[in-house]
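Got a structure here, written out as structure tokens. Questions coming.
The values are calculated or read from the model by the stated rules, or taken from the named source; none is laboratory data. Since we're looking at a predicted model, the values are computed, not measured. For neighbour counting, all protein chains shown are included, and Cβ atoms are generated from backbone atoms with ideal geometry for every residue, glycine included.
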Amino acid sequence: MTITTIGFDADDTLWHNERIFRFTQDRFAELLSGHASRDHLEQRLLATEKRNLAFYGFGAKGFTLSMIETAIEVTDGRVPPAVIGEILSAGRDMLNHPVEPLPHAQATLEALAGGYRIVLITKGDLFDQERKLAASGMGDMFDAVEIVSDKTPETYRRIFARHGHGPDRALMVGNSLKSDVVPAIEAGSWGVHVHHELTWELEHAEAPVDAPRFREIEHLGDLPGLIADIV
């Protein structure tokens with residue numbers, strides 16, 4: 001069946017994102033180095049992030065709040081106000097960080113535009129995702145933009161029905177097996193995993209290697225050829 005709609009993830013698929021979080025986490029570890037080891041801080045922060053996803057969602061703002069909460073916990077409530085101020089400053093730096101497109105991102109979108117309906121499907125903070133899309137220089141290449149709170153099979157069914165001919169004639173591309181690939185395949189779409197050197201631990205999942213509609217590519221430059229083989 002012919003593919004008519006292609007969905008693209010944004011963070012770490014079209015532009016760098018996780019390395020900004022890693023850099024900020026390094027700053028956080030330095031600020032709290034007198035209270036806990038780096039490994040302990042990372043474990044506590046990850047547990048706090050996981051606990052807070054249902055409240056704050058994904059993105060830099062929720063990450064900043066989780067850093068503050070973790071700082072309060074590991075210091076038994078004695079974290080200096082100056083450290084809280086530094087964490088808030090680090091969070092603002094994340095929200096102001098320049099957008100750095102990944103190799104082949106723009107060229108691939110240009111190659112596919114016109115032949116398919118191109119939809120950006122990303123999760124995270126609305127304002128920040130809109131800012132990054134505008135700063136990327138790729139905003140005009142999308143026929144539709146969907147910023148969602150989470151990515152589930154129902155999310156993809158709804159979006160691909162709204163912006164195409166349903167999930168069975170759609171393909172989703174992204175670096176996260178958990179968010180971009182597995183639920184899209186469960187919805188009935190093709191799922192293409194793009195390798196990225198950094199993936200947030202909470203986005204890890206087993207590759208659905210036995211699924212007929214699962215594919216993997218090393219970078220976005222391989223996507224047009226892969227789609228040509230499918231159709």
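Has region 44-60 got at least one residue that is touching a Lys or Arg at 6+ places or on another chain (Cβ under 9 Å) and over 24 Å from residue 198 (Cα atoms)?
Within region 44-60 (the criterion being touching a Lys or Arg at 6+ places or on another chain (Cβ under 9 Å) and over 24 Å from residue 198 (Cα atoms)), the answer is no, since none of the residues qualifies.
Can I ask one more? Since residue 95 meets every condition but one in (1) among the aliphatic types (A, V, I, L, M); (2) within 30 Å of residue 71 (Cα to Cα); (3) crowded, with 20+ Cβ neighbours inside 10 Å, which condition does it not meet?
Failed condition: (3).
Does residue 181 satisfy being modelled with pLDDT of 95 or more, within 25 Å of residue 91 (Cβ to Cβ) and either of a type outside the set (Ser, Thr, Tyr) or in the same structural domain as residue 116 (by TED's automatic domain parsing) (or both)?
No; evaluated as a whole, the condition is false for this residue.
Looking only at region 152-162, how many residues end up being surrounded by fewer than 18 Cβ atoms within 10 Å (Cβ to Cβ) and touching a residue at least 40 places away in the same chain (Cβ under 8 Å)?
Qualifying residue count for the region: 0.
Taking the options 70, 13, 4, 64, name whichever one is closer than 24 Å to residue 139 by Cβ, among the polar types (S, T, N, Q) and buried (at least 18 other Cβ atoms within 10 Å of the Cβ).
Just a single option satisfies the conditions, and that option is 13.
If residue 168 satisfies all but one of (1) under 28 Å from residue 49 (Cβ atoms); (2) part of a helix (DSSP H, G or I); (3) in contact with a Gly (Cβ under 8 Å, 6 or more places away or on another chain), what's the number of the condition it fails?
Against the list (1) under 28 Å from residue 49 (Cβ atoms); (2) part of a helix (DSSP H, G or I); (3) in contact with a Gly (Cβ under 8 Å, 6 or more places away or on another chain), residue 168 comes up short only on (1).
Can you find, within region 92-128, the residue that is nearest to the chain's Cα centre (by Cα) among those that are polar (S, T, N, Q) and outside any helix (DSSP H, G or I)?
Ranking the qualifying residues of region 92-128, first place goes to 122.
Criterion first (touching a helix residue (DSSP H, G or I) at 6+ places or on another chain (Cβ under 9 Å), in the same structural domain as residue 44 (by TED's automatic domain parsing) and at pLDDT 95 or above) does residue 166 satisfy it?
For residue 166, the condition - touching a helix residue (DSSP H, G or I) at 6+ places or on another chain (Cβ under 9 Å), in the same structural domain as residue 44 (by TED's automatic domain parsing) and at pLDDT 95 or above - is not met.
If you scan region 141-163, which residues turn out to be basic (Lys, Arg) and out of contact with any helix residue (DSSP H, G or I) (no Cβ under 6 Å at 6 or more places or on another chain)?
158, 162
Just the residues that are over 17 Å from residue 171 (Cα atoms) and surrounded by 18 or more Cβ atoms within 10 Å (Cβ to Cβ), please, taken from region 105-125.
Residues satisfying the conditions are 123, 124, 125.
For residues that are among the aromatic types (Phe, Trp, Tyr) and at pLDDT 95 or above, tally how many sit in region 57-101.
1
Next up: Residue 220: at pLDDT below 95, more than 15 Å from residue 4 (Cα to Cα) and either in contact with a Lys or Arg (Cβ under 7 Å, 6 or more places away or on another chain) or aliphatic (A, V, I, L, M) (or both), yes or no?
Taking the combined requirement at face value, the residue does not satisfy it.
Would you check which residues across region 129-151 are among the acidic types (Asp, Glu) and either surrounded by 18 or more Cβ atoms within 10 Å (Cβ to Cβ) or assigned to a loop (DSSP other than H, G, I, E, B) (or both) and list them?
Once the filter is applied, which keeps residues that are among the acidic types (Asp, Glu) and either surrounded by 18 or more Cβ atoms within 10 Å (Cβ to Cβ) or assigned to a loop (DSSP other than H, G, I, E, B) (or both), region 129-151 yields 143, 146, 150.
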